[in-house]
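Report on the structure given below.
The values are calculated or read from the model by the stated rules, or taken from the named source; none is laboratory data. Just so it is clear, the model here is predicted, and its values are computed rather than measured. Glycine also receives a Cβ, built like all others from the backbone with ideal geometry; neighbour counts cover every protein chain displayed. Remember, those area values only see protein heavy atoms, side chains included, never the ligands or the DNA or RNA. Shrake-Rupley method; radii C 1.70, N 1.55, O 1.52, S 1.80 Å.
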Amino acid sequence: MSISKEIQAFLLNNSIDRFLRYVKIWTTSDEISKTFPSTNNQFELGKLLAEELKSLNLEDIVHDKFCFVYAFLPASKGFEKVQAIGLIAHLDTSPAVNGKDVKPVIHKNYDGGDIKFAQNSDLTLTTVDSPQLKEYIGLDIITSQGDTLLGADNKAGIAEIMTACGTWQKFPELKHGPIVICFTPDEEIGRGTTKINKKKLPEVCYTMDGSEMGQLEIECFDAWGVVIKFKGLNVHPGYAKGLMINAIHIASRFLSDLPEAESPEKTEEREGFYHLSNLKGNEEEASATLIIRDFELENNEKRMEYLKSLKSKYEALYPGLKIELAFKHQYENMFTYLKKKEKIVDLAKKAIKLAGIEVKIHSIRGGTDGAKLSSKGIPTPNIFAGGLLFHSRKEYIPTLALQKASEVLIHLADLWTKL
Ligand SMILES: [Zn+2]
């Protein structure tokens, strides 16, 4: 299927228009909040999208009390039996950087030089910050004014999915099977699937939450949380010889036995690590919080065995000391599930190529909602949304990426009808 100039122009203009509107709506999530969603402001965007989906002929539109938006696009006539696919993006933006009063700016015809920000004269966006900028010379680039993040993560994904819906409505010659749209709150704080209604999702989904143009993510970390408790014994330090078991001091010795070469700051690409994120306590009791990450479960299992061996070593060194280890599996490498579902990944690759973009397979050094859904039985690779430098005031997106990601969705839906 080839996409006419007219449709391409519609994809570009519609996705830019939507993106510029959506980023202005404040949807920062809050990791400290105990409520679902974590912040009420996310409802505003959810409500707007539910209304817009209605005007795009979608059915069974639900905006539930947890702020999930679900909608159903019936198949083109004659394609009702085609496998349904789900398209997912998240409403919230990262609490790491201010996301209120975002004022997007379009820098026309980027010339390869430094990009300056109207509200922050100290800030510049350069090809050192983001080498991909060199590939975008001649394109229009959208940034914030430098006082907030942009929110391309993930409002680009939302704009692209909405644009695809608008395109299917306006150009009925573009065929598709049944499509389920799902917009989720609180992805940035790791709760994007906590309250998801799995029954509303089809057997196959795609998140539109990847970064640069062409990226397709089918692999993420296998992730574990570790809490280590050290139980010692306090005695007056003047009379402590042979008696005191200083829990926090022993904890620091124990932790210095972790290999420095396996820390986040010393690893990249497919290398795994131990990461100490908290250590607190006193002579009586200390506790350390770590995460363990690797693409291979076996490697993480070896790390856990090593921690167990350290426990034995330190308990033997300090009679009376008690060490407790608690491991929690946080999420799995989604490749475990996706490798059995080649077709789902292959069609995404084909769709990206058909949009005229080079496919860049990427392993996520983190997790996604798609990883959680994949382990819950809904294989969900992650397609690019097109933004770069997420969670930063330098975050940006070329307008072409909005168009191309929308185009990928049109091709993807078409490819599913041809199986
Ligand atoms: Zn995201």
**Item:** Leu149 being modelled with pLDDT of 95 or more, within 16 Å of the ligand (Cβ to nearest atom) and part of a loop (DSSP other than H, G, I, E, B)
**Value:** yes
**Asked** Pick from the range 344-369 the residues that are touching a strand residue (DSSP E or B) at 6+ places or on another chain (Cβ under 9 Å) and open to solvent by 70 Å² or more (accessible area, probe 1.4 Å): which of them is farthest from the ligand (Cβ to nearest atom)?
**Response** Ile361
**Item:** Scope the range 266-301; condition open to solvent by less than 70 Å² (accessible area, probe 1.4 Å), farther than 23 Å from Glu324 by Cβ and part of a loop (DSSP other than H, G, I, E, B); matching residues
**Value:** Thr267, Gly272, Phe295
**Request:** Return yes when Pro104 is open to solvent by 40 Å² or more (accessible area, probe 1.4 Å), within 25 Å of the chain's Cα centre (by Cα) and not small (Gly, Ala, Ser) and no when it is not.
**Result:** no
**Fill in**
Leu317 fails exactly one of (1) modelled with pLDDT under 95; (2) over 30 Å from Gly377 (Cβ atoms), namely (1)
**Message:** Suppose we filter Gly210, Gly225, Gly232 for residues that are over 27 Å from His391 (Cα atoms) and of a type in the set (Gly, Ala, Ser); which single one remains?
**Reply:** Gly232
**Message:** Need a quick list: strands (runs of 3 or more DSSP E) entirely within the range 1-113 having at least 2 residues that are within 16 Å of the ligand (Cβ to nearest atom) and free of Cβ contacts under 8 Å to residues at least 12 places away in the same chain.
**Reply:** none
**Item:** Per-region count, the range 16-34, residues open to solvent by 80 Å² or more (accessible area, probe 1.4 Å) and closer than 16 Å to Pro95 by Cα
**Value:** 5
**Request:** Only residues that are within 16 Å of the ligand (Cβ to nearest atom) and aromatic (Phe, Trp, Tyr): list them for the range 328-343, please.
**Result:** Tyr331
**Request:** Return the only residue of Lys350, Lys343 being under 25 Å from Phe221 (Cβ atoms) and modelled with pLDDT of 95 or more.
**Result:** Lys343
**Complete:** The condition from (1) over 15 Å from the mean Cα position of the chain (by Cα); (2) surrounded by fewer than 24 Cβ atoms within 10 Å (Cβ to Cβ) that Ser406 misses is numbered (2)
**Item:** Qualifying positions in the range 194-226 - open to solvent by less than 20 Å² (accessible area, probe 1.4 Å) and aromatic (Phe, Trp, Tyr)
**Value:** Tyr206, Phe221
**Request:** Being within 16 Å of the ligand (Cβ to nearest atom) and either part of a loop (DSSP other than H, G, I, E, B) or buried (at least 22 other Cβ atoms within 10 Å of the Cβ) (or both) is the filter here, so list the residues in the range 164-193 that pass it.
**Result:** Cys182, Phe183, Thr184, Pro185, Asp186, Glu187, Glu188, Gly190, Arg191, Gly192, Thr193
**Prompt:** If you check Ser144 against the conditions, is it crowded, with 23+ Cβ neighbours inside 10 Å, touching a residue at least 60 places away in the same chain (Cβ under 8 Å) and not hydrophobic (A, V, I, L, M, F, W, C)?
**Reply:** yes
**Asked** Which one of these is farther than 30 Å from Leu415 by Cβ, open to solvent by 40 Å² or more (accessible area, probe 1.4 Å) and either at pLDDT 95 or above or not basic (Lys, Arg) (or both): Asn57, Asn13, Asn40?
**Response** Asn40
**Asked** Which residues, taken from the range 247-263, are more than 13 Å from Ala288 (Cα to Cα) and either surrounded by fewer than 16 Cβ atoms within 10 Å (Cβ to Cβ) or aliphatic (A, V, I, L, M) (or both)?
**Response** Asp257, Pro259, Glu260, Ala261, Ser263
**Asked** When you go through (1) on the phi > 0 side of the Ramachandran plot; (2) modelled with pLDDT under 95 one by one for Gly356, which number turns out not to apply?
**Response** (2)
